[in-house]
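Below: one structure, written as structure tokens.
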Amino acid sequence: MNDIHDMYLEDGERIYIGKVDSLKAYPGNERVKLVFWAADPRAKTVGFYWYPNNDSMFVDIEHTSGLDSFEVFIGGTGSDKSIPEGNYTLRAITRDNKGHFSVPYEKIMSIYGPQYQSSLTNRIIKSLVFEESEGLLSVFFSGPVNDNEIGLGISYTDKDGIPHNLYIPESSIGDQTDITNVDPSKGVKYQTYFLPDPTAIDTFVTELERIEIVQTVNVALNKPVIVSDILREDFPGTNAVDGVIADNSRWVSSASGEHWIEIDLEGDYPVHSFEVWNGSGGQVNTPLPDLRFQVFVNDEWQTIVEETANTNANYLAVFDEITTSKVRFLTNTQTRIFELAVYVTFRY
């Protein structure tokens, strides 16, 4: 009646020691942290075997109490073993110093690496707004790329020349993300952070990507001017480029003749448009019917825009970019110009 058991009794009685009580695997970038408990005081060594790699590693343990936990890394810095990206079955077997061992404790685990990294993309930027006066960059991001996304990193330099690396957790990313005191000329970049598993020990990050800031600037603001004439000393040409629209901040010419204002941009700029506000009584209400806009190129003035029947007191003209260091606005009508702006678009 014992025939069925005989095959197991041929080598005599076999003694098993206690197996690993619990084992947790915390995956990382081509590495894994194992935390385990082995309450049996007879256990002196734990052997780890992982498949399909068919590799193994042995760890000596020393008990101080029955509640001891032990920690070990497979792969990564400080480990003499490697474990490439993939899915594995891990077996842990305890051994004593008399040749006895335990039944296996098995664990399924996933390891991450280059393949996972290559699948990551940055969160999408829907739009952005930059305000030069305060250096305020407002970025409007889309939703998370996937459930593994945990935050964003933004690198920029402020107007004092100090670099910043800002981390924003996913929970703090709203419809609008504001960054202040930004110097756009130094560049702004961002990247997205991912945690492939809630228990993962390594964070994966995308490559830094440039945030393109498109800024339209009035390069005539507060620049030196020369005018053909003025009506009175309290209406000089400098009023037309001071950024203020008010009756006491206008360039007013005499009543007759040709009137012009020349603006030295103090540098070469690819200008693409200009805008003029003309009027009185604090209102932009008086069109200049005839006007010309010129740029100084190759030591001569070239007319870019010419109007003979303008009806807009706030006149805007857009043209193909042309690089110049000086511009000139001309009219045969008495000027009451609040402001004259010349625009350049910078892309950082």
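Of all residues in the range 52-64, exactly one satisfies the criterion of being in a strand (DSSP E or B), open to solvent by 60 Å² or more (accessible area, probe 1.4 Å) and not hydrophobic (A, V, I, L, M, F, W, C), namely D60. Give the number of residues within the range 167-197 that are of a type outside the set (S, T, N, Q), surrounded by 18 or more Cβ atoms within 10 Å (Cβ to Cβ), in a strand (DSSP E or B) and under 12 Å from the mean Cα position of the chain (by Cα). Number satisfying all stated conditions: 3.
If you go through the range 116-154 and keep only what is part of a loop (DSSP other than H, G, I, E, B), open to solvent by less than 30 Å² (accessible area, probe 1.4 Å) and among the charged types (D, E, K, R), you end up with just R123.
Of the numbered criteria (1) part of a strand (DSSP E or B); (2) in contact with a Phe, Trp or Tyr (Cβ under 9 Å, 6 or more places away or on another chain); (3) farther than 21 Å from E306 by Cα, the one W260 fails is (3). Looking across the range 279-292, the residues that are in a loop (DSSP other than H, G, I, E, B) and either surrounded by fewer than 16 Cβ atoms within 10 Å (Cβ to Cβ) or modelled with pLDDT under 95 (or both) come down to G281, G282, N285, P289, D290. Restricting attention to the range 88-127, the residues being polar (S, T, N, Q), at pLDDT 95 or above and over 24 Å from W37 (Cβ atoms) number 6. When we screen V318, V276, V295, V271 for residues that are part of a strand (DSSP E or B), more than 23 Å from E132 (Cα to Cα) and touching a strand residue (DSSP E or B) at 6+ places or on another chain (Cβ under 6 Å), the only hit is V295. Number of residues in the range 230-245 that are under 40 Å from the mean Cα position of the chain (by Cα) and part of a loop (DSSP other than H, G, I, E, B): the value is 4.
Only one entry in G99, G78, G113 is open to solvent by less than 60 Å² (accessible area, probe 1.4 Å), of a type outside the set (D, E) and free of Cβ contacts under 8 Å to residues at least 12 places away in the same chain, namely G99. Here V219 meets each of (1) open to solvent by less than 30 Å² (accessible area, probe 1.4 Å); (2) modelled with pLDDT of 95 or more; (3) under 12 Å from the mean Cα position of the chain (by Cα) with one exception, condition (3).
Taken over the range 198-216, the residue count meeting the criterion of being within 17 Å of F140 (Cα to Cα), open to solvent by less than 40 Å² (accessible area, probe 1.4 Å) and in a loop (DSSP other than H, G, I, E, B) is 2.
Against the criterion of being closer than 19 Å to K326 by Cβ, open to solvent by 60 Å² or more (accessible area, probe 1.4 Å), touching a helix residue (DSSP H, G or I) at 6+ places or on another chain (Cβ under 9 Å) and not small (G, A, S), I230 does not qualify. Every condition in (1) of a type outside the set (K, R); (2) open to solvent by less than 10 Å² (accessible area, probe 1.4 Å); (3) under 34 Å from the mean Cα position of the chain (by Cα) is met by F346 except one, and the failing one is (2). All conditions in (1) open to solvent by less than 80 Å² (accessible area, probe 1.4 Å); (2) closer than 30 Å to F73 by Cα hold for H164, with the sole exception of (2).
The values are calculated or read from the model by the stated rules, or taken from the named source; none is laboratory data. Just so you know, these numbers come straight off a predicted model, no measurement behind them. Every residue, glycine among them, receives a Cβ derived from its backbone with ideal geometry; neighbour counts consider all protein chains shown. What goes into the accessible areas is simple: the full protein's heavy atoms, side chains included, and nothing from ligands, DNA or RNA. Shrake-Rupley method; radii C 1.70, N 1.55, O 1.52, S 1.80 Å.
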